[in-house]
Amino acid sequence: MVKKTTTAQSQAEAEQILDIITKILEDGKAQDIVVMDLQGKTSIANYMVIASGGSNRQVAALADNIQLKLKEAKFKSVAEGKEKADWVLIDAFDVIVHIFRPEVREFYSIEKMWSSVGKIRSAGN
């Protein structure tokens, strides 16, 4: 069961998780990083992060580093897609992360599906 964040403490945790994730993506040279604010729009998470890695190896390394740093900070996460590393989904409960190879990201167009939410931050290379 995925928890819904409702308290100020949970919001602070969501922002800590988001900070860890965006720092790893930026330090790992992820491309086209987009952070979407989902608060009040869905109960699945507070934020969604979408980024691209230039190769399967980079996608997998970014996902591994995110999960490692979250674990070190005592936050739980689960991931899917690391075997193939075309598209890795990390569910950190308050933050959902999609890391794609660029052509896979273009094919699935996740940003278009969530376009009504809007970007709150773009960063990266």
Determine which member of the set Val35, Val78 is touching a Lys or Arg at 6+ places or on another chain (Cβ under 6 Å) and either surrounded by fewer than 20 Cβ atoms within 10 Å (Cβ to Cβ) or of a type outside the set (S, T, N, Q) (or both). Val35
Scanning region 87-110 residue by residue, those out of contact with any Gly (no Cβ under 9 Å at 6 or more places or on another chain), crowded, with 17+ Cβ neighbours inside 10 Å, more than 13 Å from Ile20 (Cα to Cα) and among the charged types (D, E, K, R) turn out to be Arg105
When residues of region 5-59 are filtered for being within 23 Å of Glu103 (Cα to Cα) and among the polar types (S, T, N, Q), how many remain? 6
Restricting attention to region 60-77, report how many residues are closer than 15 Å to Asp27 by Cβ and either in contact with a Phe, Trp or Tyr (Cβ under 8 Å, 6 or more places away or on another chain) or of a type in the set (Asp, Glu) (or both). 2
So, restricting to strands (runs of 3 or more DSSP E) that lie completely within region 53-125, which ones have at least 3 residues that are in contact (Cβ under 8 Å) with a residue 60 or more places away in the chain? 95-100, 119-123
Could you list all residues from region 47-84 that are among the polar types (S, T, N, Q) and closer than 14 Å to Ile20 by Cα? Asn65, Gln67, Ser77
Got a number for residues in region 27-44 being at positive phi and in contact (Cβ under 8 Å) with a residue 12 or more places away in the chain? 2
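Taken together, the values in this text are just the output of simple stated rules run on the coordinates, not laboratory data. All of these numbers come straight from a predicted model, not from anything done at the bench. When we count neighbours, we look across all protein chains shown, and the Cβ atoms used for this are built from the backbone with ideal geometry, even at glycine.
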